[in-house]
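Notes follow once the structure below has been shown.
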Amino acid sequence: MKKELILTNDGSHSLFIKKLNETYHSIHGSIAEANHVFIRNGLQFHPKLNINILEIGFGTGLNALLTLLNLKQKSVNYTSLEPFPISDKIYNKLNFHNLLKSNKETFIKLHNSDWDENVPITENFILNKLKKKFQYFNSSEKFDIIYFDAFAPEKQSEMWSMEVLNKCYYFLKPNGFLVTYCAKGVVKRTLKEVGFIVESLDGPPGKREMIRALKKES
Ligand SMILES: C[S@@+](CC[C@H](N)C(=O)[O-])C[C@H]1O[C@@H](n2cnc3c(N)ncnc32)[C@H](O)[C@@H]1O
């Protein structure tokens, strides 16, 4: 599907898919949204220092970049699934690293690192990208955090089904959690049915709420 580069309200890029009438991020700000949902309420909320993250939808690589730039004393193994990678023509144009004042090489390395390999991007950040859908994902590992960044339920309903959210639950460690920008009632109800403890948190700019869903220690 054709993707078009757009500018969001905080000056950061996102992508627009005309056929779906859907953007990769909030138009109120890609960086602002990702920082709020995945970094502040995800990475920084987890008390552990060695963290296993699973991202559903690598896309532009923004969540991976922000995670790498906000590690502080943490180290992260970052597994990211992306069945439809963006082209080098597109990722070379993305302006995230300019706005975040980080170097372009690191951002490009996130994109052009090998698939299906554990690639050390920095000393404390290991990336394992998998070119597959979450529905076909399997692993002997479990995760501390899931960055659930699929397209919205109206556009990609299968990703918010009981089956998929149940699979997320299975792949989390006890006391692990999922974070997502979405705060729809139906998604909260499905998460609860799966067994999650669901928290509604303040949303990123332009949105009232977001969700963090915890897998309680059993
Ligand atoms: C809302 S975008 C967000 C992407 C990314 N996190 C970012 O910040 O750019 C959703 C992403 O999920 C990917 N995707 C679509 N179907 C998927 C599936 N079944 N499993 C995993 N990822 C999927 C899309 O290709 C797209 O890159």
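The values are calculated or read from the model by the stated rules, or taken from the named source; none is laboratory data. Being a predicted model, the structure only gives us computed values, none of them experimental. Cβ coordinates were reconstructed from backbone atoms using ideal geometry, including for glycine residues, and neighbour counts include every protein chain displayed. The area values use the complete protein model at the heavy-atom level, side chains included, leaving out ligands, DNA and RNA. Shrake-Rupley method; radii C 1.70, N 1.55, O 1.52, S 1.80 Å.
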Only Lys, Arg (+1) and Asp, Glu (-1) charged, at Cβ; the stretch 149-193 dipole about Cα centre in debye
180 debye
Could you order ASP149, ASP88, ASP144 so the one with the most accessible surface comes first? Probe is 1.4 Å.
ASP88, ASP149, ASP144
State which stretch of the chain is the longest one without any exposed GluC sites (Glu not before Pro), exposure meaning a DSSP loop state and at most 13 other Cβ atoms within 10 Å.
1-116
So if I take the centroid of the Cα atoms in the stretch 1-63 and the same for the stretch 86-161, what is the distance between those two points in Å?
10 Å
Here the net charge surrounding HIS28, from other residues whose Cβ is less than 13 Å away from its Cβ (Lys, Arg +1; Asp, Glu -1), is 0
Computed about the Cα centre, the charge dipole of the stretch 1-133 from +1 Lys/Arg and -1 Asp/Glu charges at the Cβ has a magnitude in debye, to the nearest 20, of 160 debye
Can you tell which of ALA64, TYR181, ASN103 lies farthest toward the positive end of the dipole of the stretch 29-214, using +1 and -1 charges on the Cβ of basic and acidic side chains (Lys, Arg; Asp, Glu)?
TYR181
Whole-Å semi-axes of the ellipsoid equivalent to the stretch 83-140 (Cα gyration tensor, √5λ, descending):
23, 15, 9
quick note, the stretch 29-214, DSSP beta bridge pairs, % antiparallel (nearest 5) is 35 percent
Which number do you get for Rg(Cα) / (2.2 N^0.38 Å) in the stretch 35-191?
1.00
Provide the net charge surrounding HIS97, with neighbours chosen by a C-beta distance below 14 Å and charges set as Lys +1, Arg +1, Asp -1, Glu -1.
+3
Helix-only estimate, please: 222 nm mean residue ellipticity of the chain, summing -39500 (n - 2.57) across DSSP H runs of length 4 or more and dividing by its residues, to the nearest 500.
-6000 deg cm²/dmol
Based on the Cβ-Cβ distance from GLN156 to SER113, what FRET efficiency comes out when R0 is 25 Å, to the nearest 0.05?
0.45
Show me, for the stretch 30-45, the HN-Hα J-couplings you get by feeding each phi into the Karplus relation (A = 6.51, B = -1.76, C = 1.60, θ = phi - 60°), rounded to Hz, glycine and proline as x.
5, 5, 4, 5, 5, 4, 6, 6, 9, 8, 5, 8, x, 3, 6, 7
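Give the relative contact order (percent, whole number) for the chain; include only Cα pairs under 8 Å separated by 6+ residues.
Once normalised by length, the contact order is 19 percent.
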